[in-house]
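The values are calculated or read from the model by the stated rules, or taken from the named source; none is laboratory data. Since the model is a prediction, treat every value here as computed from it, not as a measurement. Every residue, glycine among them, receives a Cβ derived from its backbone with ideal geometry; neighbour counts consider all protein chains shown. SASA here: full protein model, heavy atoms, side chains in, ligands and nucleic acids out. Shrake-Rupley method; radii C 1.70, N 1.55, O 1.52, S 1.80 Å.
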Amino acid sequence: MAMISIEGMEFYAPIGHYQEEQIIGTHLEVDIWFECDTTAAGISDKLDDTIDYSQIYRLVKRVMSEKCNLIEHVCHKIGVAVTTAFEGITAIEVKVSKLNPAMGGKINRVSVQNRWGVDDDKRL
């Protein structure tokens, strides 16, 4: 098994508890780590034998375009979407960070990070 990561995906998205965040948007960052078997791709050197990272990016981008109140919810939605779309994933970790949150002081980010094992019968 290998751990593949896609880190630093940045989005300006309608996500936040406050109405203005859902209207004007806010800056967020997403990192994903997932476990899968890369043996075939390591031997063949063919994209068809692994998980196409660009497809995961497009899937995350779609989820990030949907209005949500909480980054906790977005984190879960990304985990479900990715593990549903790609059956070869056996574990996944997703981190969603709100950059420069309005909390009355200088704060770089607030993050939620979840890790799941994936049950092939039920998925995530």
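Close Cβ contacts (under 9 Å, 6 or more residues apart or on different chains) running from residues in segment 87-111 that are more than 30 Å from THR38 (Cα to Cα) to residues that are of a type in the set (Val, Ile, Thr) and crowded, with 19+ Cβ neighbours inside 10 Å comprise LYS98/ILE15; LYS98/THR26; LYS98/ILE71; LEU99/THR26; ASN100/THR26; PRO101/THR26; ALA102/THR26; VAL110/ILE71. The set of residues from segment 91-110 being over 12 Å from the mean Cα position of the chain (by Cα), over 15 Å from ILE56 (Cα atoms) and not in a loop (DSSP other than H, G, I, E, B) comprises LYS98, LEU99, ARG109, VAL110. Within segment 66-90, restricting attention to residues that are in a strand (DSSP E or B) and more than 16 Å from THR26 (Cβ to Cβ), which residue is least open to solvent (accessible area, probe 1.4 Å)? Result: ILE89. If I ask for residues that are in a loop (DSSP other than H, G, I, E, B), modelled with pLDDT of 80 or more and surrounded by fewer than 13 Cβ atoms within 10 Å (Cβ to Cβ), which ones from segment 111-124 would you list? Within segment 111-124, no residue meets the criteria.
Annotation note: Cβ proximity below 8 Å between a residue of segment 14-34 that is part of a helix (DSSP H, G or I) and a residue that is open to solvent by 100 Å² or more (accessible area, probe 1.4 Å) (sequence gap 6+ or interchain) occurs for GLN22/LYS67.
I need the full set of residues from segment 42-65 which are outside any helix (DSSP H, G or I) and surrounded by 14 or more Cβ atoms within 10 Å (Cβ to Cβ), in order please.
Listed by number, the residues that qualify are THR50, ILE51.
Selection of segment 91-110 for residues being surrounded by 18 or more Cβ atoms within 10 Å (Cβ to Cβ) and either on the phi > 0 side of the Ramachandran plot or among the aliphatic types (A, V, I, L, M) (or both) yields ILE92, VAL94, VAL96.
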